[in-house]
Amino acid sequence: MCGIIGYYGQHPASKILIDGLKRLEYRGYDSSGLCLVEDNKLVCYKQAGPVTYLEGAIAHQDLKGHIGIAHTRWATHGAPNEINAHPHFDCHHQIAIVHNGIIENYQALKQLLSSEGHVFTSETDSEVLAHLIEKFYTGSLEEAVIKALALIEGSYGLVALHVNENKLVAARRSSPLVIGIGQGETFIASDVPAILNHTKDVVYLEDGDLAIIDEGGYQIKNLAGEPLDRRVEEVKLNIDQIEKKGYKHFMLKEIFEQPQSLVNVLAGRITNNQIKLSLNWHREAIERIIIAACGTSWHSALIGKYLLEEIVGLPVEVDYASEFRYRHPLVNNHDLFIAISQSGETADTLAALREAKNHGAQSLGIVNVVGSTVAREVDSGIYLHAGPEIGVASTKAFTAQITALLLLAFYWRQEMGYKIDESILSELRHLPAVVEKTLKANGQVIELARRFMNFEHFLYLGRGLNFPVALEGALKLKEISYIHAEGYPAAEIKHGPIALIDDNMPVVVLATKNDLSDKILSNIQEIKARGGQVIAIVDQDYEVVKKLADYLISVPPVHVWFSPVINVIPLQLLAYYIADAKGLDVDKPRNLAKSVTVE
Ligand code: AGP
């Protein structure tokens, strides 16, 4: 997810662009850049780091250009550095573009354009847009953009300019763009916060729209060049609400972003019933898998153990990264060490990775932040493309990590010569839609949150793949509502924790169908027999569970391998709504940081 802003008007553009980028940093903040049309040339600046670095770089420049574009980046392809920052240019530095989205066929386009003599300077997918527009440019930027977009597979929010044309040309497919209508000036941006200081009158572009912004204001057309009429709307929300898309907290926004973040994880990785990953590994040499991580990512690692052992058939060891790094692990070149880290900067995970590499292990990273230290130090990796996760409590990264582990397991099995069952691939493709359906049931969770918000202790129980999900549900509750909660393998309660059960200890039981469902029923009976209250997460019309549990949260049924992605959602929502009902700072819980870069 990136932030884009463009300006055409009677004022110097640079300050308007910088202020707009600052309002969009919640969409990405690893690098930024701007480009102005000034005296028939392009005047451009790019900086790695937050927008204030770009602001510093132009502070003493007398920038007069009244037409310009700017971009704050969340890297998906190519490290977050100056060369990969947007805007990107054609070979002759006459065309500049800023882009938000993922171009799935960029390698093929880059190959074609390079064979025609185009010279690329960045590692990004976005740069192909600038060279494609150049390829088709014969004097009309609008026409060249239309021809270029006809070859694009994937998503874009794009704004382009040409040094010889006093206009901006924009287009959207799956990545948002909004036009701001000012007095004698026009704005275009990824989101309203960037322009709200200037106007409340906006036009939201729709997929397939093209917008031309010039001294006459703006026109909207389709990609056949036919004029379109789009409604002008007045923005009602304030800036803070809009950055959160109207959600009260970033955490809630990120919980509800999960259908889209899973679409992004899968994008370009399932083609013609084949899983497509590019891993730099010696697969046949691997005899054992070691996964190390922290916190929520450690829960994903546990899920990865179940999936990889069952689907790939190799032994998997899972370790807290902080323990692995100090226990002098017996690791060798027949091990694949997998580091799972949303931030890619967690000190313990990084240290564990270096320890494993020092012992000769191959390494693979499952990381969200492109260009982060873990991502740069592994032999190969799978980026989540889940977009910035601002809330300290990890939600969309967790389900994205599990989906990445599923892709890895299926890809590995495919490389071993097996065909992945089409029904499984179909379920994988439809996972985002099932997540969407699961989120619709949040009303039943809000009611439970109100009922249980003042309890001081919770138990979370699950078996098999539901055990790590129980741990994750307990962690979510602990870290944002400050209520004590423990996750256990359900059968373990007989070995001690059942002594805790009474009606002051609600027990959340993951009771979705798997090969241990009958066992979980007896665990529920054991709890009920001791006066415990049971909140059961179920996926079938489980008559027997309905009779036993005090409260039910139902989720759509899926193949057991996909169940952690679905079953965790009510637990994320339960923790959120309890913490919100208690009036706590959900996005910035006490004592916690988003990335633990210290030991
Ligand atoms: C999870 O909600 C927490 N924010 C925390 O446990 C987190 O998962 C852990 O610090 C690991 O972070 P990483 O994925 O960035 O390495």
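The values are calculated or read from the model by the stated rules, or taken from the named source; none is laboratory data. Because the structure is a prediction, the values reported are computed rather than measured. Ideal geometry is used to build each Cβ from the backbone, glycine not excepted, and the neighbour counts take in all protein chains shown. With ligands, DNA and RNA removed, areas are computed over all heavy atoms of the protein, side chains included. Shrake-Rupley method; radii C 1.70, N 1.55, O 1.52, S 1.80 Å.
Going by what's in this entry, would R429 be described as basic (K, R), modelled with pLDDT of 95 or more, over 23 Å from H559 (Cβ atoms) and surrounded by fewer than 20 Cβ atoms within 10 Å (Cβ to Cβ)? Show your work before the answer.
On the way: basic (K, R): yes; modelled with pLDDT of 95 or more: yes; over 23 Å from H559 (Cβ atoms): no; surrounded by fewer than 20 Cβ atoms within 10 Å (Cβ to Cβ): yes.
No: the conditions fail for R429.
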Quiz item: If you go through the range 281-298 one residue at a time, do you hit one that is over 25 Å from H328 (Cα atoms) and either within 16 Å of the ligand (Cβ to nearest atom) or out of contact with any helix residue (DSSP H, G or I) (no Cβ under 7 Å at 6 or more places or on another chain) (or both)?
Solution: yes
Quiz prompt | Test: residue in the range 394-402 that is outside any loop (DSSP other than H, G, I, E, B), polar (S, T, N, Q) and within 17 Å of the chain's Cα centre (by Cα) | solution = yes
Practice problem: Could you please let me know if E415 is more than 16 Å from the ligand (Cβ to nearest atom), open to solvent by 60 Å² or more (accessible area, probe 1.4 Å) and in contact (Cβ under 8 Å) with a residue 24 or more places away in the chain? | Solution: yes
Exercise. Report yes if some residue within the range 436-452 is within 16 Å of the ligand (Cβ to nearest atom) and either within 20 Å of A267 (Cα to Cα) or open to solvent by 30 Å² or more (accessible area, probe 1.4 Å) (or both); otherwise report no.
Key: no
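For the range 247-257, check the following and say yes or no: at least one residue is in a loop (DSSP other than H, G, I, E, B), in contact (Cβ under 8 Å) with a residue 40 or more places away in the chain, farther than 30 Å from L428 by Cβ and not aromatic (F, W, Y).
Going through the range 247-257, the residues in a loop (DSSP other than H, G, I, E, B) turn out to be 247-249, 257.
Of the ones still in play, those that are also in contact (Cβ under 8 Å) with a residue 40 or more places away in the chain are 248-249, 257.
Adding the requirement that they be farther than 30 Å from L428 by Cβ leaves 248.
If we keep only those that are not aromatic (F, W, Y) as well, we get 248.
Yes, because at least one residue in the range 247-257 is in a loop (DSSP other than H, G, I, E, B), in contact (Cβ under 8 Å) with a residue 40 or more places away in the chain, farther than 30 Å from L428 by Cβ and not aromatic (F, W, Y).
Could you say whether any residue in the range 514-526 is away from the ligand (no atom under 16 Å from the Cβ), of a type outside the set (V, I, T) and closer than 22 Å to M453 by Cβ?
Among the residues of the range 514-526, not one is away from the ligand (no atom under 16 Å from the Cβ), of a type outside the set (V, I, T) and closer than 22 Å to M453 by Cβ, which makes the answer no.
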Practice problem: Just name the residue that is surrounded by the fewest Cβ atoms within 10 Å (Cβ to Cβ) out of those in the range 360-410 that are of a type in the set (F, W, Y) and within 14 Å of the ligand (Cβ to nearest atom). | Solution: Y383
Self-check item: Matching residues, the range 318-353, being at pLDDT 95 or above, more than 13 Å from the ligand (Cβ to nearest atom) and touching a helix residue (DSSP H, G or I) at 6+ places or on another chain (Cβ under 8 Å)
Solution: V318, D319, F324, V331, N333, H334, D335, F337
Quiz item: Which of the residues belonging to the range 16-64 are closer than 16 Å to N100 by Cβ and assigned to a helix (DSSP H, G or I)?
Solution: L17, G20, L21, E25, Y26, R27, V51
Quiz item: So which pairs qualify, if the first residue must be in the range 215-234 and more than 21 Å from E165 (Cβ to Cβ), the second must be open to solvent by 80 Å² or more (accessible area, probe 1.4 Å) and outside any strand (DSSP E or B), the Cβ gap must be under 7 Å, and the two must be at least 6 apart or on different chains?
Solution: E234/K200
Quiz prompt | Cβ pairs under 9 Å, 6+ apart, first in the range 137-149 and polar (S, T, N, Q), second in a helix (DSSP H, G or I) and open to solvent by less than 30 Å² (accessible area, probe 1.4 Å) | solution = T138/A144
Quiz item: From the residues in the range 566-599 that are over 30 Å from T373 (Cα atoms) and not in a helix (DSSP H, G or I), which one is nearest to the ligand (Cβ to nearest atom)?
Solution: L584
Quiz item: Restricting the range 25-71 to residues that are at pLDDT below 95 and under 20 Å from S175 (Cα atoms), which is farthest from the chain's Cα centre (by Cα)?
Solution: S31
